[in-house]
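Remarks on the structure that follows.
What follows draws every value from the coordinates through simple rules; no lab data is involved. Source: prediction; values computed, not measured. Neighbour counts run over all protein chains shown; Cβ positions are idealised from the backbone, glycine included.
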Ligand code: BTN
């Protein structure tokens, strides 16, 4: 595994925010921030991410300029690394809901939020990869609004399992990251995907369009077909699937 500088925090507003500040002040690539809980965990689409004790909340700093990688593949690659790590530590079988949500037995167990920062000259000085895994059952259980759609990996909190999980996760992350331009993660990304071949809903703003998920191309875009037989590649956005 790459040498990483790990900063462990008890609690923080958001590991992504914390690391973003460090990055602006020159923190080196591969700095990792891990927190036991977050008071303002951020999700995609400006949503919040429930971040009680019992989860793993972690952010990694990457610098595309010096590291030379294709930033568009980072979220998909990270999804495979996290999914592999959960499978290895638990013996269970997770799946990936395009683009990068990890599901276990039909419920979401991990979310990933990558934030890239652009400088005024259009360059991307850094990317923060934020990963939130519900590793253990939260002490107060999940709040009612996500109780039916969220799950956890283990019932009982266990420090050794948590440490081992973080080690496995970071080593998988860097194993795939070193090969990101060769896309070694891609076959697993397709294999583990739970939308392929299924009827889905494509969400665009306020509108919802029914479609069928056909394939994932080499750039991790999702090819969908609408009822009128027109096809479209989606490169980001939200899709829903009935599980
Ligand atoms: C999502 O599913 O909407 C994405 C959730 C991403 C949550 C992680 S937890 C660590 C990092 N810090 C944050 O504030 N968010 C990400």
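Of all the residues that make up the range 183-216, how many are surrounded by 13 or more Cβ atoms within 10 Å (Cβ to Cβ) and assigned to a helix (DSSP H, G or I)? Within the range 183-216, residues that are surrounded by 13 or more Cβ atoms within 10 Å (Cβ to Cβ) and assigned to a helix (DSSP H, G or I) number 4. Yes or no: residue 109 in contact with a helix residue (DSSP H, G or I) (Cβ under 8 Å, 6 or more places away or on another chain) and touching a residue at least 60 places away in the same chain (Cβ under 8 Å)? For residue 109, the condition - in contact with a helix residue (DSSP H, G or I) (Cβ under 8 Å, 6 or more places away or on another chain) and touching a residue at least 60 places away in the same chain (Cβ under 8 Å) - is not met.
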